[in-house]
Structure formats: C-alpha cells, structure tokens
Amino acid sequence: TQSKDLDHHFRGQAIVTFLDQPIDAPLKNRYDVGRRDIMRIIQTTDFQEMSRTAALLILNLLLNNPQAVIGLATGHTPKGLYREWVLARYSLGIAMNGLHFCHLDEYLGLGSDHPESMAAILRQQLIQPLGITPDRIHYMPGTAEDPEQACREYEALIAQLGGLDLQILGIGQNGHIAFNEPGTPFDQHAHVTTLSPSTRKANASAFSNKETPAQAMTLGPATIMGSRRILLMASGSSKATAIQNMLEGPLDENCPATLLRFHPNATLVLDREAAAKLSPATLQPAEYNHPIPLSVFAKTTPLLDSPQRILVCAPHPDDASISCGGTLARLKQEGHELLFISMTTGHR
Ligand code: PGA
C-alpha cells in the first residue's frame, strides 16, 4: 500500500510541477560533480502507458496555456502520444485552436507536401485530426534553396512566436536528439546535418525505396535547451543503452541527450524496457520530485505560487480521494481550479 501511495504522490507531483517548475528549484547532485539533477523520470510499463502518461502531461499544459508553442517530433516513439492526444481532443473538448506547432527536423530535399516528409507524417498523425489550421503549423522547408539560411530563419520564427513552451523529443539509439548526431556542438542552433549510418538504418523502413535521405535540417541542441519545457519519451530495449548513457554517462557531445540533464524543466517518460539498464539510484525519485507529503502539513507555504487550472485524472474515484485527497482539498482552498476525471464501469 505504501509503495502504491508513493507512486501516486510521485506521479501527481510530476504532473503538477511539469506546469511550472521554478528555475531556482532546489538542486541535488546525485551522479557527478556539477550535474543539475532536476530531470523528472516517470517510469511506465509499456509503450501504451508511456504514450498515455505523456498525453496527460501535455493536456495539463494545454489547459493552463491554450496559446502554447509546441515543438513536435516524428518517428515511432510519439505515434501513441499523438493518438491519445487526438482522442482526448474529442472526448475532453480541450481547445487546440490557440496553439502554435513547430517542427523538430526535416529531411533535406523533401518539401512539406512530399508524402515521406516529416511534415506529412505530422499532418497525418496529429495536425489534421486535431483540426489545426495551416497558419498554426510551421514546417521546416526541406527544399529551401539555401537550407542554412532557412535554418536561421526558422530560429527567428520560433523567437517571433515567443519561443517554444514545450519540445517533445524521442532519442536515437546513438543518443541523438532531433537530428543532432553524436559530436554536434552543444551550443549549435538549427542547422543542416549529415545523418549517421545508424540513424539512416533505423529510419529506412519509413521510405518506399528503404533509403533514408543523407542529410536533414534540425533544431540544434541550443534551440532545444531554449524550450521552456522538454518532454522526452523512450520505449523499447533498443533505447536502453542510450537512456543509460544519457542519465549515467559523462556529459558528452558524443551523446547529445546528456545535455538535457542541465535543462531546468525536463521530464523523461520511459517504458520498462527503455529503463532496463538504469541503476536503482537513478530511478529513485529525486528529492525535488516528492515534496507534496511534506508540504501537505506545512500549512503556511502555498503549494503553487499563482492560481492554476489543474486536471486530475484518477483510474477510479477512490484513487483521487484516498491517495491525494488532502492535497487536492488544499489546492482547492488555495483558489486553484480543479477538474476531476475518473473512470468507472459502473458495475460496482
Ligand atoms: P524513433 O526515433 O522514435 O523512431 O525511435 C527517435 C529518434 O531518432 O529521435
């Protein structure tokens, strides 16, 4: 029972803090000197639970910021998330028409109307089903005459939109994020890149001729670090080594994902197989992740600084009331707006 309660606390807090984790949050170095260990790690069982958890985090963000600017990833990893997002759009009726969507990477030579472009995949999996109008999705122009100049213009566009509120990411088997392959300088912004043989092999099945283009445009590590929040998902045993290197290896440009350990508001959602090589110490929630049990009793400190709209999803009603009823009651007393969703078959 105790571990179940902790699990509830951990998840509840992960969702609340995802909204706005203050940059000066208490830090705790756990792995190596100088590491800012504030990345939240949420473990899930499988691809479906990973996708649902990620969707829940995003919907919570959208409730609080219906004008958010969101950076989208493509690939196998976010497919389930996009499916859940589309389902929620219709079942919960959350408005999506104030959002802006940006694009993480695109193959060089493929225009956004090319059926095998990243743009086409996003359109098919998320943009069209959500009913997003074309002026709200900003694709990377893979056929630009001067791709490096187009990258600079894309950075300027993101700045003009007010910067990214959330960047969704997968991770490559070689530790890449977006198409920032091993060796990419951490301070690089959007740029043209040559894909590594392992990336081309991993992505080949998406192409009718089984050949991945050799080059791509990508947001750089510096652009990604500029996003206010990061949500990285990883599923399956093929990602276990990359996840281990990301969290337990040295900070290293040869594993671009290691940079995310220094982001002030990054959340990692892993399934069991992707987390399989992590040590128990890494998977233990960091101190920052579970202040709720203490703060429930510290009546003088508000749980959140400013009024928020909070979506509480509970598998069935008693999960919300027993496991974190005190916290929820207090959030209500403190003037936050709470929306509860619980599920029940109705036969008991
Ligand atoms: P995948 O790719 O989601 O198709 O595994 C992730 C990535 O390369 O970033």
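The values are calculated or read from the model by the stated rules, or taken from the named source; none is laboratory data. Fair warning: this is a prediction, and the values are worked out from it, not measured in the lab. Backbone-built Cβ (ideal geometry, glycine too); neighbour counts: all protein chains shown. These accessible areas exclude ligands, DNA and RNA; they are computed on the full protein's heavy atoms, side chains included. Shrake-Rupley method; radii C 1.70, N 1.55, O 1.52, S 1.80 Å.
Restricting region 205-241 to residues that are hydrophobic (A, V, I, L, M, F, W, C) and part of a helix (DSSP H, G or I), which is surrounded by the fewest Cβ atoms within 10 Å (Cβ to Cβ)?
Ala206
Restricting the search to region 133-168, which residues are open to solvent by less than 20 Å² (accessible area, probe 1.4 Å), of a type in the set (A, V, I, L, M) and farther than 23 Å from Leu232 by Cβ?
The answer is Ala150, and nothing else.
Just one of Thr267, Thr300, Thr282 is modelled with pLDDT under 95 and part of a helix (DSSP H, G or I); which is it?
Unique residue meeting the criteria: Thr282.
Return the residue satisfying two criteria in turn: it lies in region 60-87 and is open to solvent by 10 Å² or more (accessible area, probe 1.4 Å) and among the hydrophobic types (A, V, I, L, M, F, W, C), and of such residues it is farthest from the ligand (Cβ to nearest atom).
Leu63
State which residue pairs qualify: first residue of a type in the set (Lys, Arg) and inside region 77-98, second residue more than 16 Å from the ligand (Cβ to nearest atom) in any location, beta carbons under 8 Å apart, and separation of 6 or more residues or different chains.
These pairs meet every condition: Arg89/Met96; Arg89/Pro129; Arg89/Leu130; Arg89/Gly131.
Give the residues of region 168-192 that are in contact with an Asp or Glu (Cβ under 6 Å, 6 or more places away or on another chain) and within 15 Å of the ligand (Cβ to nearest atom), sorted by residue number.
The answer is Ala178, Phe179.
Could you please tell me which pairs satisfy a Cβ distance under 9 Å, a separation of 6+ or placement on different chains, a first residue in region 323-335 that is farther than 18 Å from Asp305 by Cβ, and a second residue that is of a type in the set (Asp, Glu)?
Ser323/Asp5; Ser323/Asp7; Cys324/Asp5
Failed condition for Asp165, given (1) under 17 Å from the mean Cα position of the chain (by Cα); (2) within 16 Å of the ligand (Cβ to nearest atom), with all others met?
Of everything listed in (1) under 17 Å from the mean Cα position of the chain (by Cα); (2) within 16 Å of the ligand (Cβ to nearest atom), Asp165 misses just condition (2).
Quick check: is even one residue across region 193-204 within 18 Å of Arg152 (Cβ to Cβ), open to solvent by less than 60 Å² (accessible area, probe 1.4 Å) and without any contact (Cβ under 8 Å) to a residue 60 or more places away in the chain?
Looking for residues that are within 18 Å of Arg152 (Cβ to Cβ), open to solvent by less than 60 Å² (accessible area, probe 1.4 Å) and without any contact (Cβ under 8 Å) to a residue 60 or more places away in the chain, one finds at least one in region 193-204, hence yes.
Select from region 108-124 the residues that are small (Gly, Ala, Ser) and part of a helix (DSSP H, G or I) and list them in ascending order.
Taking region 108-124 as the starting set, the residues that turn out to be small (Gly, Ala, Ser) are 109, 111-112, 117, 119-120.
Within region 108-124, Ala119, Ala120 qualify.
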